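Engineer: Take a look at the following structure, please.
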Amino acid sequence: MASSKQDISLYSKIFNVLPAPAIVFFRKRGAKPMANDAARQLFGTQLMPLVRSQFFREQSDVTRKYPASELPWILALAKGVGAVRDDLFLQRKESEAPKRLKAFAMPIFEGKNIIAVVATFQEI
């Protein structure tokens, strides 16, 4: 049986070869999200703003900040169920065109407790 250190190394390698951007958000307050290489390419290296809202959505031809409480990873942490949104727009810099994203999030449990959420993203 592999040691815990070997398990972490293996999981890290698997996580980083995923072609889709993926981020693990931990329930523990102040814990930094963990992202694979594809997510760091999409979002940059500063992931904490993803916990707050740097996303936008269009409603009736008006662009508004996406409510943080409706982001799929926040919903999955709060309710313990999977969540999907396909109306996310990401604009990291004003000079960049917004990217439309679909986000999927699923909670990770340890016993009955939610310890984290894994979120994956797809450009649409």
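Engineer: Could you tell me whether any residue of region 63-79 is at pLDDT 90 or above, surrounded by fewer than 16 Cβ atoms within 10 Å (Cβ to Cβ) and closer than 14 Å to Val117 by Cα?
Structural biologist: Yes, region 63-79 has at least one match.
Engineer: OK, next. If I go through region 108-124 residue by residue, how many of them are within 15 Å of the chain's Cα centre (by Cα), surrounded by fewer than 17 Cβ atoms within 10 Å (Cβ to Cβ) and β-branched (Val, Ile, Thr)?
Structural biologist: Going residue by residue through region 108-124, those that are within 15 Å of the chain's Cα centre (by Cα) are 108, 115-123.
If we keep only those that are surrounded by fewer than 17 Cβ atoms within 10 Å (Cβ to Cβ) too, we end up with 108, 115, 122-123.
Filter once more, keeping what is β-branched (Val, Ile, Thr): 108, 115.
Selection size over region 108-124: 2.
The values are calculated or read from the model by the stated rules, or taken from the named source; none is laboratory data. Being a predicted model, the structure only gives us computed values, none of them experimental. So basically every Cβ, Gly included, is an ideal-geometry build from the backbone, and we count neighbours across all protein chains shown.
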